[in-house]
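> Take this structure, written in structure tokens, and hold onto it; I'll ask about it next.
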Amino acid sequence: MKFTEEHEWLRQDGDDIVVGITTHAAEQLGDVVFIELPEEGTTVSKDEEIVVIESVKAASDILAPIDGEITEVNSALTDNPGAVNEDPQGEAWFFKMTASDPSQMDELMDEAAYQAFIA
Amino acid sequence: MNRGRMDNLKRTPLYEIHCELGAKMVPFAGYEMPVQYPMGVMKEHLHTRAKAGLFDVSHMGQVLLSGPSWDAVALAFEALVPVDVLGLADGRQRYGFFTNSAGGIEDDLMFARRGDDLFVVINAACKDSDLELMRAGLPQDIKMTTLDDRALIALQGPVAGSVIAMLDPQAAEMRFMDVRDLSLSGHAVWASRSGYTGEDGFEISVAAEEAASLARRLTNDADVAAIGLGARDSLRLEAGLCLYGNDIDATTRPLAAGLGWAMQKVRRPGGARAGGFPGAEAIFAELADGPERRRVGLRPAGRAPMRTGVALFAQETSSTQIGTVTSGGFGPSVEGPVAMGYVAAEAAHESGVLWGDVRGKRLAVEVVKLPFVPANFKR
């Protein structure tokens, strides 16, 4: 797993990269009440706002971690946004994407670096 | 637990308890306050409506006005609020608000008659300006005492009544907006049967040095959970209650805010003590002509919340803004987004569909009657 400074995790799954937010981020957000996912087929650039996530108190944006194309979104989250608080690093993945520049993954943090980052 | 003090923030007498209970503390109106506990905002909100929630509201201002007689105190206060104070019976509380010369609201408050004294509770964010307003507006023979040695705790929810009555059976006789001296677990308190959640409950003023002990006693009850400011906000929003600074401010006049009910007949044109408060002319004009805009309940059609500042339009594509959201978020008890805002009077009818601009997209929102959740006051 790789991590961004925006508290997203990325995991390779065949040709796709699965993206979600970390347990730390989910805890900081509090109860999630709404998620707006991007459309499948959308081309995204690194740091572009692509997911809106709202907790009881406030709205947050999730940024695209790398350049690429969205191949699949986890539409179960639309009906059950609370799943993000239950299993943020597993069942509550946000979307899958292809990487147009796989070397961008190398710039991201590994688990140890992320743990140090949030300490 | 010894945490570094956040930037000059004040702490209430319940600070240690919040830390022990694992609260997430945030700055609020100059105080370090719990926004939530480990249970989280949603569960704290639902718990309050199902059982009983304990809120630390010691950051709010508590003031006692005393003078040569009840009449003198009441009439002096009436010069600051468009409300019947003189007619308040001993042991009763009312809702009111300070007005300014334009008829706008400077702060909303609760006031109660305790014998010949007037006990006033004001918002934390407006404490300093309210005290200044009272000092400047009250005659010399009215003494104003800020009760900085008292804490304020609220217990709200369907079980609150039995929890308090178990400690002092007299509480069972109290109806909504009654105030009484009670003895709770050996602590002498001033209690009012009122709150900010739409549920039955009590607001309890107690000596600061006894507050922690009383709070611990209450949270020891299996049905009582500590509740933070996050849930306090979602509870009051579902109850259709105004938050000063959001839904009412110095530019909002009472009728537009839907608070005309708090202005009793005796202070209105034709009443025995009509006028005599700041902004009477503007408020009476609004009574005669109707307000230009009205506060309404709003139910976004989808799942996306509409928050403070969202612009409202009459049509999906029109460019003329007809209103604004002043408070908005998610209502756990109604399982969907809820909001309040002001719309042009002609657009303010129930079941009208308006359009809110959310992140550049127009989303449908229905005008609905407040409250979103029926009130459970003990009448």
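> Which of the pairs B:Lys24/B:Lys51; B:Lys265/B:Lys378; B:Lys51/B:Lys369; B:Lys265/B:Lys369; A:Lys46/B:Lys24; B:Lys43/B:Lys378 have their Cα atoms more than 29 Å apart in this structure?
Working: B:Lys24/B:Lys51 22 Å; B:Lys265/B:Lys378 25 Å; B:Lys51/B:Lys369 26 Å; B:Lys265/B:Lys369 24 Å; A:Lys46/B:Lys24 32 Å; B:Lys43/B:Lys378 24 Å.
Where the Cα-Cα span goes over 29 Å, the pairs concerned are A:Lys46/B:Lys24.
> Under a plain spin-label model, where a point goes 7 Å from the Cα along Cα-to-Cβ, how far apart in nm are A:Glu40 and B:Ala274?
About 7.0 nm, to one decimal.
> On a straight-distance basis, which lysines could pair with B:Lys143 in a cross-link, Cα separation under 20 angstrom, same-chain partners fewer than 8 positions away excluded?
B:Lys127
> Order of B:Arg193, B:Arg175 from fewest to most other C-beta atoms within 10 Å?
By the 10 Å Cβ count, ascending: B:Arg175, B:Arg193.
> Right, another one. Quick one: order B:Met306, B:Met144, B:Met6 by neighbouring beta-carbon count within 10 Å, fewest to most. Don't jump to the answer; show the numbers that get you there.
Working: B:Met306 25, B:Met144 16, B:Met6 12.
Going from least to most buried by this count: B:Met6, B:Met144, B:Met306.
> Is the shape of region A:60-106 rounded, prolate or oblate, going by the alpha carbon gyration tensor and its root eigenvalues a ≥ b ≥ c, with a/c under 1.5 for rounded and a/b larger than b/c for prolate?
On the way: a/c = 2.44, a/b = 2.05, b/c = 1.19.
Taking the square roots of the gyration eigenvalues as a ≥ b ≥ c, region A:60-106 is prolate.
> Further, regarding this structure: Report the gain in length on full extension from B:Asp223 to B:Ala364: 0.36 nm times residue separation, minus Cα-Cα distance, nm rounded to one decimal. The partial results should precede the final answer.
Details: separation 141, 0.36 × 141 = 50.76 nm, distance 3.91 nm.
This chain segment gains 46.8 nm when fully extended.
> Once you order the gyration tensor axes a ≥ b ≥ c over the Cα atoms, which shape class does region B:1-77 get: rounded for a/c under 1.5, otherwise prolate or oblate by comparing a/b with b/c?
Oblate.
> Would you mind getting me the FRET efficiency between B:Glu346 and B:Ala250? Use the beta-carbon distance for r and R0 = 30 Å, nearest 0.05.
0.75
> From the residues B:Leu241, B:Gly271, B:Leu298, which one has its Cα farthest along the dipole of region B:232-300 in the positive direction, the dipole being from +1 and -1 charges on Cβ of Lys/Arg and Asp/Glu about the Cα centre?
So the residue we want is B:Gly271.
> On to the next question. Figure the gain on full extension for B:Leu64 and B:Phe28 (residue separation times 0.36 nm, minus the Cα-Cα span) and round it to one decimal in nm.
On the way: separation 36, 0.36 × 36 = 12.96 nm, distance 2.38 nm.
Fully extending the segment from B:Leu64 to B:Phe28 adds 10.6 nm.
> In debye, nearest 20: dipole of the protein assembly as shown around its Cα centre with unit charges on the Cβ of K, R (+) and D, E (-)?
That gives a dipole near 2580 debye.
> Report the calculated FRET efficiency for A:Asp110 and B:Glu16 (r = Cβ-Cβ distance, R0 = 30 Å), to the nearest 0.05.
Using R0 = 30 Å, I get an efficiency of 0.15.
> Expressed as cubic angstrom per residue, what is the convex hull volume of the alpha carbon set of region B:125-189?
141
> Would you mind finding the longest exposed-site-free stretch of chain A, with exposed GluC sites (Glu not before Pro) meaning DSSP loop and at most 14 other Cβ atoms within 10 Å?
Numbers: sites that count: A:Glu5, A:Glu39, A:Glu40, A:Glu48, A:Glu91.
Free of exposed loop sites, the longest segment is A:49-90.
> Continuing with this model, one more query. Can you list the GluC sites (Glu not before Pro) in region B:314-379 that are in a DSSP coil and have 16 or fewer other beta carbons within 10 angstrom? Write down the numbers at each step before the final one.
Values: sites: B:Glu316, B:Glu335, B:Glu346, B:Glu350, B:Glu366; in loops: B:Glu316, B:Glu335, B:Glu350.
Here the GluC sites (Glu not before Pro) that fit, given the DSSP loop and packing criteria, are B:Glu316, B:Glu335, B:Glu350.
> Oh, and also: Using Cα-Cα distances under 8 Å and only pairs 6 or more residues apart, what relative contact order does region B:135-282 have, in percent?
Relative CO of region B:135-282 lands at 18 percent.
> Rounded to two decimals, what is Rg over Rh for the protein assembly as shown when you use alpha-carbon atoms and the Kirkwood radius?
My calculation puts Rg/Rh at 1.02.
> Still on this structure, please answer the following. Hey, what number do you get for chain B at 222 nm if only DSSP H runs of n ≥ 4 count, each worth -39500 (n - 2.57), divided across all residues, to the nearest 500?
Computed mean residue ellipticity for chain B: -6000 deg cm²/dmol.
> So what are chain B's ellipsoid semi-axes, whole angstrom, largest first, if each one is the square root of 5 times an eigenvalue of the alpha-carbon gyration tensor?
Working: eigenvalues 204, 163, 68 Å².
They are 32, 29, 18 Å, listed largest first.
> Let me ask something else. Return A:Met97, B:Met60 ranked ascending by Cβ neighbour count within 10 Å, so the fewest neighbours appear first.
By the 10 Å Cβ count, ascending, the order reads B:Met60, A:Met97.
> Counting partner chain Cβ atoms within 10 Å of every residue's Cβ in A:55-61, what's the average? Walk me through the intermediate numbers first.
Numbers: counts 7, 15, 11, 3, 5, 0, 1.
For this peptide, the per-residue mean of nearby foreign Cβ atoms is 6.
> Can you bin every Cα-Cα distance in region B:209-270 into 5 Å intervals starting at zero and give me the percent of pairs per bin, rounded to whole numbers?
Computed distribution, short to long bins: 3, 12, 15, 14, 14, 11, 10, 12, 6, 2, 0.
Quick note: the coordinates plus some simple rules give every number you see, no bench work behind them. Bear in mind the structure is a predicted one, so any value in this text is a computation, not a measurement. Quick reminder, even Gly has a Cβ in these numbers, built from the backbone with ideal geometry, and neighbours come from all protein chains shown.
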